[in-house]
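Data block below; observations after.
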Amino acid sequence: MSTRQTLPVLPLRGTVIFPGLTAPIAAGRPGTLRAIEAALKTDRLVFAVAQKDNADEPDPEILYQTGVIARIGQVQRGLGGVQLLLNGEQRATALQFTTTEGFLSAIVAHTDDLAPIDEKDPAFVALHKEIRERAAELGERRGLPEEVVHQVLDSVTEPGRFADLVAGYLELPVPEKQGLLETLSVEDRLRKVLVNVQRQISLLEAQEEIKTQVQEELGERQREMFLREQMKAIQKELGDDDTSKEIEELRAKLDALPLPKQARTEVERELGRLERSGRESMEAQVIRTYLEWIAELPWGTRSDDHLDLPRASTLLDEDHYGLGDVKDRVLEFLAVRQLRAAQASAEAAAPESAESAAVDVTAEHPTPEAKVTEAKARAMAKGPILLFTGPPGVGKTSIAKSIARSLGREYVRVALGGARDEADIRGHRRTYVGAMPGRIIQGMKQAGTKNPVFLLDEVDKLGQSFQGDPSSALLEVLDPAQNDSFTDHYLGVPFDLSEVLFIATANFVQNIPGPLLDRMEVVEFAGYTEREKAEIAKKYLIPRQLEENGLGDKPVTFTDEAIASLVSQYTRESGVRQLEREVGKVARKVARRIATREGADPTADGVITAEEVRELLGRPKVHPEKANVAHEVGIATGMYYTPMGGDIMFVEASVRLIAAPAGEAGGAPVSLILTGQLGDVMKESARAAFTYVTKNAERLGIPRARLGAVETHIHVPAGAIPKDGPSAGVAISTALASELSGRPVRKDLAMTGEVTLRGRVLPIGGVKEKVLGALRAGITDVILPKANEADVEDVPDEARGQLRFHFVESLEQVLAIALLPEPGREAGEPLAVVA
């Protein structure tokens, strides 16, 4: 029966003691010190057992069951605990752990080795001999003197004790050493120890081979290093030692930057590589370029926001004429940011509470002024990202520049039109030759501050290819929840974009992917009226073009008629770019005449009239649609809208009666011809209008004699231009009803709206642009769906004052307004019959 005894427990962290071995142990935990004191008061025996982990407070759950009964030898006390020598005596197994007087004790039972069946068996003898030879080889490879190794190994003859001796000196993890301690079979323990000894011998052989190769390489490198040192000495004598100076300057510049921890780690690593690399090596050039990019980015530089709403309003009025709704939205946008900045500044300037001050005692605390500036910048950047949409030339890009001026921030513009590679946004990885950061990081370097106004121009014209989708890469940039850690592929470290005020522009909202559009607030820019264009030309375009063409000091002026001629006869656009080009063309021709003094100078008195514009520019180049000069049967005036602005179009209807059988007034088949490059939706509107008009002929005053076997032809002029959309339904219905009834359509009336088979008029879009286009064409009355009545508020007051609006819900109301009494034809008179 095995011997049992109760002993203090000595938990071991990171080591295992074997029987027959002496090991130095450092103890400092209170429970361990009490266990040692208890053992010293008795027979100096303890139960030394390894922990399964490195927990500070030992617990029976984290202790192995098998350990060693050890005797405490020499003890040396110190301030941090005690140093002692433990002599392993006997394997033992813990039967029960208990805690008494502040330390662990255990009831342990002695565990004996399982001797081999026959110690003289040749296989066992060979195993014993092999492990002795391999153990001696391992000791010698570790650098121990041969006589010392043999002296230690020869002192132990018993196989089990010898296995424990070798196992104690093996460099193995605690679980593997514990496994050897728990192996009671002497033969199995010898085999396991032999395997580990052979494994460590192989490891040492590999290390020696590597060391030899390294020494050979170091010989070459030392020669190269020696030559480089000689070269440095020569360069120093010649006054040409710039490499180390450049690196030190770069290091000083990088040390001065408030880099985040991750960026700082990467920079230090790359600086170390740069110092170890030769100046002319390709790797050094790549590393230097990378570090220069890091050094030139605005990691902590901010521009202070000076927001004054009256001044911002003045700046917007100085830079742009009209655009009242847009200016109001921009000023609201800035007002919210002003209040947020004021609130954030007050909170940042207030004394920190004890709770907030104790969050991170190791973090660097900026100065109060820096904290206020940072808080203001972050507050100013929060909020929706504006997307300016509208036709070209209406001031989307320039108003973003005005926002930057009013904020006192730097302004950066990035043109995204045609970008079709994700690397345009995120940059290229440094593994590629010629790699560089993306447009966002390049723009931040250009700005020089981390809170600029950043304009993403033409986001609707982003492309897509096998190289990635740049619009998807923009999702992170424009998401306030993510862009505080934007990672460019080239930099490889996060860069904070949360303080950047992003503004985007586009012409076609439908071309922007849904997730990207969802991150922005749309602000629509409509086209200018002719009067607004004339005012813009007077205040901005003409002075600028006269200055650019050398006429700034010349008494050259344009009459109102000349400006009106330029606007209406030489341009047809929603914006003013073409108008500025035409003004520039006039200015250049005037400059040529003044410079060469050719003939009679029509601008001798400094005044350019409409006649002189015609002489300088030639015949009018734009022939816009104008309202009909007379009331006509079968021609209705519709309205349409494109990204270039609104305009009117004519819808023509013609009905021909084809040889109706004698005695039959109707009921025969009919045919419908549609021409003018109409789209599918517009064709369906025409069929719906035709069905309604023919079915309700009696209510609409159309004689049944005109509904025989008929051929109905609907045509929309400008046949080379594709047309589509449902809003022409009202105009098509009116033209058909006019042609079938013989009643002319009013010449001064334009209309728009979708129709149903029941004659209802449904709402449409683009009301403002369509109304402005109708006004330019000379229309005085406009028919709109009743549901669009609120949209008229978007029309400028000047335009509303020149138009009469008729809001309708049904086609009967449309026809009552649009059709005049039939001239010179009695009701019921049949159409001419074509045989």
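The values are calculated or read from the model by the stated rules, or taken from the named source; none is laboratory data. What you see is a predicted model, and the numbers here were worked out from it, not measured in a lab. So basically every Cβ, Gly included, is an ideal-geometry build from the backbone, and we count neighbours across all protein chains shown. All accessible areas refer to the heavy atoms of the entire protein, side chains included, with ligands and DNA or RNA removed. Shrake-Rupley method; radii C 1.70, N 1.55, O 1.52, S 1.80 Å.
Here is the figure for segment 295-338: residues that are in contact with a helix residue (DSSP H, G or I) (Cβ under 7 Å, 6 or more places away or on another chain), open to solvent by 40 Å² or more (accessible area, probe 1.4 Å) and not in a helix (DSSP H, G or I) total 3. So in segment 231-264, with the set limited to residues that are of a type in the set (S, T, N, Q) and either modelled with pLDDT under 85 or touching a Leu at 6+ places or on another chain (Cβ under 9 Å) (or both), which one is farthest from F495 (Cα to Cα)? Within segment 231-264, the match that is farthest from F495 (Cα to Cα) is Q235. The set of residues in segment 546-564 being of a type outside the set (A, V, I, L, M) and surrounded by 22 or more Cβ atoms within 10 Å (Cβ to Cβ) consists of F558 alone. Looking across segment 787-804 at every residue that is closer than 19 Å to P763 by Cα, open to solvent by less than 50 Å² (accessible area, probe 1.4 Å) and in contact with a helix residue (DSSP H, G or I) (Cβ under 6 Å, 6 or more places away or on another chain), the one that is modelled with the highest pLDDT is identified as N788. If V607 satisfies all but one of (1) touching a residue at least 40 places away in the same chain (Cβ under 8 Å); (2) closer than 30 Å to S738 by Cα; (3) exposed (fewer than 15 other Cβ atoms within 10 Å of the Cβ), what's the number of the condition it fails? Answer for V607: the failing condition is (2). Residues that are open to solvent by 10 Å² or more (accessible area, probe 1.4 Å), not in a strand (DSSP E or B) and not hydroxyl-bearing (S, T, Y) within segment 745-757 comprise R746, K747, D748, L757, listed in sequence order.
Only one of the numbered conditions (1) open to solvent by 50 Å² or more (accessible area, probe 1.4 Å); (2) within 27 Å of L12 (Cβ to Cβ) is not met by V193, and that is (1).
Residue by residue, here is whether (1) over 26 Å from L331 (Cβ atoms); (2) within 16 Å of the chain's Cα centre (by Cα); (3) open to solvent by 30 Å² or more (accessible area, probe 1.4 Å) holds:
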{"site": "S406", "(1), (2), (3)": "no, no, no"}
{"site": "E410", "(1), (2), (3)": "no, no, yes"}
{"site": "G417", "(1), (2), (3)": "yes, no, yes"}
{"site": "G438", "(1), (2), (3)": "yes, yes, no"}
{"site": "A447", "(1), (2), (3)": "no, no, no"}
{"site": "P452", "(1), (2), (3)": "no, no, no"}
{"site": "D457", "(1), (2), (3)": "no, yes, no"}
{"site": "T487", "(1), (2), (3)": "yes, yes, yes"}
{"site": "F508", "(1), (2), (3)": "yes, no, yes"}
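Only a single criterion out of (1) surrounded by fewer than 17 Cβ atoms within 10 Å (Cβ to Cβ); (2) part of a helix (DSSP H, G or I) is not satisfied by E57, namely (2). Of the helices (runs of 4 or more DSSP H) lying entirely inside segment 513-570, the ones with 1 or more residues being without any contact (Cβ under 8 Å) to a residue 12 or more places away in the chain and at negative phi are found at 514-517, 542-548.
Being surrounded by 13 or more Cβ atoms within 10 Å (Cβ to Cβ) and assigned to a loop (DSSP other than H, G, I, E, B) is a description that applies to G575.
Filtering L757, L831, L762, L820 for residues that are over 27 Å from T571 (Cα atoms) and modelled with pLDDT of 90 or more leaves a single hit, L762. Residues of segment 711-744 that are touching a residue at least 60 places away in the same chain (Cβ under 8 Å), crowded, with 20+ Cβ neighbours inside 10 Å and closer than 20 Å to V767 by Cβ: S727, A728, V730, A731, I732, S733, T734.
Considering each of V46, V68, V82, V75 in turn, give the residue that is within 60 Å of the chain's Cα centre (by Cα) and part of a strand (DSSP E or B). After applying the criteria, what remains is V82.
Residue-by-condition table, conditions (1) within 30 Å of I536 (Cα to Cα); (2) in contact with a helix residue (DSSP H, G or I) (Cβ under 6 Å, 6 or more places away or on another chain); (3) of a type in the set (K, R); (4) modelled with pLDDT of 65 or more:
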{"residue": "A342", "(1), (2), (3), (4)": "no, no, no, yes"}
{"residue": "A349", "(1), (2), (3), (4)": "no, yes, no, yes"}
{"residue": "A357", "(1), (2), (3), (4)": "no, no, no, no"}
{"residue": "T362", "(1), (2), (3), (4)": "no, no, no, no"}
{"residue": "P368", "(1), (2), (3), (4)": "no, no, no, no"}
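Contact map, segment 800-818: first residue among the acidic types (D, E), second residue surrounded by 17 or more Cβ atoms within 10 Å (Cβ to Cβ) and modelled with pLDDT under 90, Cβ cut-off under 7 Å, separation 6 or more or different chains; pairs are E812/G759. Using the structure shown, decide if A92 is touching a residue at least 40 places away in the same chain (Cβ under 8 Å) and buried (at least 18 other Cβ atoms within 10 Å of the Cβ). When the stated conditions are applied, A92 passes them. Just one of the listed residues (I131, I107, I72, I117) is of a type in the set (A, V, I, L, M, F, W, C), touching a Leu at 6+ places or on another chain (Cβ under 6 Å) and open to solvent by 50 Å² or more (accessible area, probe 1.4 Å), and it is I107. Looking at G31, G20, just one residue is touching a helix residue (DSSP H, G or I) at 6+ places or on another chain (Cβ under 9 Å) and not in a strand (DSSP E or B), and that residue is G20.
Number of residues in segment 255-278 that are of a type in the set (A, V, I, L, M), part of a helix (DSSP H, G or I) and without any contact (Cβ under 8 Å) to a residue 24 or more places away in the chain: the value is 0.
Residues of segment 419-436 that are surrounded by 14 or more Cβ atoms within 10 Å (Cβ to Cβ) and basic (K, R): R420, R426, R430. Residues considered: V493, V500. Of these, the only one that is of a type in the set (V, I, T), in contact with an Asp or Glu (Cβ under 9 Å, 6 or more places away or on another chain) and in contact (Cβ under 8 Å) with a residue 60 or more places away in the chain is V493. Candidates are the residues of segment 689-706 that are touching a strand residue (DSSP E or B) at 6+ places or on another chain (Cβ under 9 Å) and open to solvent by 30 Å² or more (accessible area, probe 1.4 Å); the one that is nearest to V814 (Cα to Cα) is G701.
Restrict the check to segment 152-174 and report whether at least one residue is among the basic types (K, R), more than 23 Å from D118 (Cα to Cα) and at pLDDT 85 or above. No, segment 152-174 contains no residue that is among the basic types (K, R), more than 23 Å from D118 (Cα to Cα) and at pLDDT 85 or above.
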